[in-house]
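This report concerns only the one structure given below.
Quick note: the coordinates plus some simple rules give every number you see, no bench work behind them. Keep in mind it's a predicted model, so treat the numbers as computed, not measured. Quick reminder, even Gly has a Cβ in these numbers, built from the backbone with ideal geometry, and neighbours come from all protein chains shown.
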Amino acid sequence: MAQFSFAFPKPGTKKLLVGATLGAALAIPALLAGLLVFLVPMVNKPLLDAFIREKLGHVPATWVGTQWVYAAALFLAGIAMFTFAAITGGIFSWYERRVAARIQSRIGPNRVGVAGFLQWIADAVKLLFKEDLVPGEADAMLFRAAPYFVVAGMTLVLVALPAGQAIVVADLDVGIFYILAVTSFIVVGILLSGWSSNSKWSLFGAIRATAQVVSYEVPAGLAILVPVLMAGTLSTQGLIRAQGGWPWEWFFFRNPAAAVAFFILFISQLAEGNRTPFDLAEAESELVAGYFSEYSGFRFALYFLVEWANLWIIGAVATTLFLGGWQIPGVSAQTWASVRGAGSFPAFGWWALQFVSLGIFAVKTLFLVNVVIWIRWTLPRIRIDQMMNLCWKYLVPAGFAAMLFTLVWQMVATWAPIVEKITALVVFAATVWVTWRFLQQTRKNVSLIAHERVDLSNW
Amino acid sequence: MGASAETVLFWIFAVPLIASAAGVVAARNPVHAAMSLVSAFFWLAGIYVLLTAHLLAFVQVIVYAGAIMVLFLFVVMLLSLTDAELGLEKLSALKWVGVVGAAGMLVLVVSALAQSGPRAMRAVGADFGTVRAVGRILFTQYLLPFEATSVLLLVAIVGAVVVAKEKI
């Protein structure tokens, strides 16, 4: 093995700073989990009714304050979701910069807090205090409005995005279709920011981004149809309930076409989020920064907030559709009901299980977020013709094939359910084998640098 | 949710809807008009949701606010109209015809509504407006119009390819 000289924290770091960073690193995930579980009573009507009846002592159906309680609860739920998006976006920005630095043999941000963990707060404060410039020739009204379209497109998605067994703001009947629909506001915002800046770099970036996002919505929609066909519902929670806790009960493994659809969806999401290798819209070497070249201060920060908060959305949508969502292995719908108990308020065990389901969902999502970051700093940017070819000549036909195959597959699976079980086990075994080979190869690659010294003391 | 909360929500969506719809007509700059149209569709979706037509609400968001608006903005932007061109009042005769037409439409709608009198909203079942219910109606009762529309779209796609490609 390589010789790692590793000192964490760096010698000479003040104890107070170490304590503050460790405190923040432990408190922030706990705070985020608390925020999400806090959503449950806020958006659950029977629970709110029980609260009014038993704690406030009014009859919910006739009391005038009932609607005010509902409105206040929804308001709090909205603030909780927005806070969640903002904080995860901030932490991802720090994480991505650290990973990028490691991949490129640099140090990365390491000044604010231990290992630079508090860098994102410093950046946010800095951007808030910067001057908010509007170019003289720009269309001032649309220039100011454009970032809010982008933010709206991102935050509206959070409404239907689940994170646990009861943790979702609204389990809409049209859930996943709603997510596709509101994402289109991001395109409107991007196009608007590019045009209103009155700068050729911005306009080029905006037009590239629009062409890309509109094109990749087609394969994404086709790939989403595969799990929808398997579950028979568009509701995000319904899609997860149709899967199970064990990996071989996930849609990814149950149908060979679903595995293909997962990769189609993942590639399309990278393209829709303007992530490398699809970051043509922000290509620094050609277009300064693309559609947000002219922005500064707070509005500039909004674009980056959306970019990093989108990482969570990318991971969460893929987890919901293909990777079993929040399902806990061995815990069925009956177990959930029996743990909850018959009282108006759920028993303590039910709340504990909510945290477990949230943890499982978060682990899967963060794994995908990690893959997205890893891809970004490994692959070069592709050309625009390659981007269009990939979408229309490969992903769209493959998406149609996966959809047609799923239609036949569902008939076979209904006729002989054993076929689905065998396929799931075979595909799962194959995945385990590929992962094993991958780890072996990584080990081999690491052993090749055994004679080198790796200096990590500057963390 | 009670009737009063529903009324409040209705006004929250209705007032901006009317304002942005007026903006579509009043805006001098075509891009501003297009943006007003996007926001009008957004507020309209809210009204659809109040009518428990969730699927319809998001279908029109994805179709109008998404695809068609993007195409529309492309056209408007690539025209690159200058302020001088926008200020010209070339079509004054056409404008008056438009005013007469709009006024006539308004009279027609108001008189039709006045004749029908006040009516209570019909109570709908739990599956009203769901994907399942809309799909069933679309593939049984309205199968012919549905298929005719898809043929129309196919013709449009083939037409676009023929126009765009010189040699096929």
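Compute from the Cα atoms of chain A the Rg and the Dmax, the latter being the longest Cα-Cα distance, and quote both in angstrom.
23.8, 78
Spin-label point model (7 Å from Cα, Cβ direction): what's the B:A133 to A:D132 distance in nm?
4.3 nm
Which ordering of A:I240, A:I360, B:I18 is given by a fewest-first count of other beta-carbon atoms within 10 Å?
Starting with the residue having the fewest Cβ neighbours, the order is B:I18, A:I360, A:I240.
Find me the longest stretch of chain A that has none of the exposed GluC sites (Glu not before Pro), where exposed means in a DSSP loop (not H, G, I, E or B) with at most 10 other Cβ atoms within 10 Å.
The answer is A:138-451.
Check each of the chymotrypsin sites (Phe, Trp or Tyr not before Pro) in the range B:126-168 and keep only those in coil by DSSP with at most 13 other C-beta atoms within 10 angstrom; list them in order.
Within the range B:126-168, the qualifying chymotrypsin sites (Phe, Trp or Tyr not before Pro) (loop, at most 13 other Cβ atoms within 10 Å) are B:Y142.
Report relative contact order for chain A in percent, whole number only (criteria: Cα-Cα under 8 Å, sequence separation at least 6).
24 percent
Test of understanding: what is the full-extension gain from A:K15 to A:V99, defined as 0.36 nm times their sequence separation minus their Cα-Cα distance?
27.7 nm
Straight-line reach only, C-alpha to C-alpha below 14 angstrom: list the aspartates and glutamates that A:K393 could link to, leaving out same-chain residues fewer than 8 apart.
Answer for A:K393, where 14 Å is the Cα cut-off: A:D385, listed by chain and number.
Could you give the length gained by full extension between A:L379 and A:A342, i.e. 0.36 nm per residue of separation minus their alpha carbon distance, to one decimal place?
Extra length from A:L379 to A:A342 when fully extended: 8.0 nm.
May I ask you to list the lysines whose Cα is less than 27 Å away from that of A:K421, ignoring any residue fewer than eight positions away on the same chain?
Here the lysines satisfying the reach criterion relative to A:K421 are A:K364.
Lys/Arg Cβ at +1, Asp/Glu Cβ at -1, dipole of the protein assembly as shown taken about the Cα centre: which of A:S196, B:L44, A:T210 is farthest positive-ward?
Of A:S196, B:L44, A:T210, it is A:T210.
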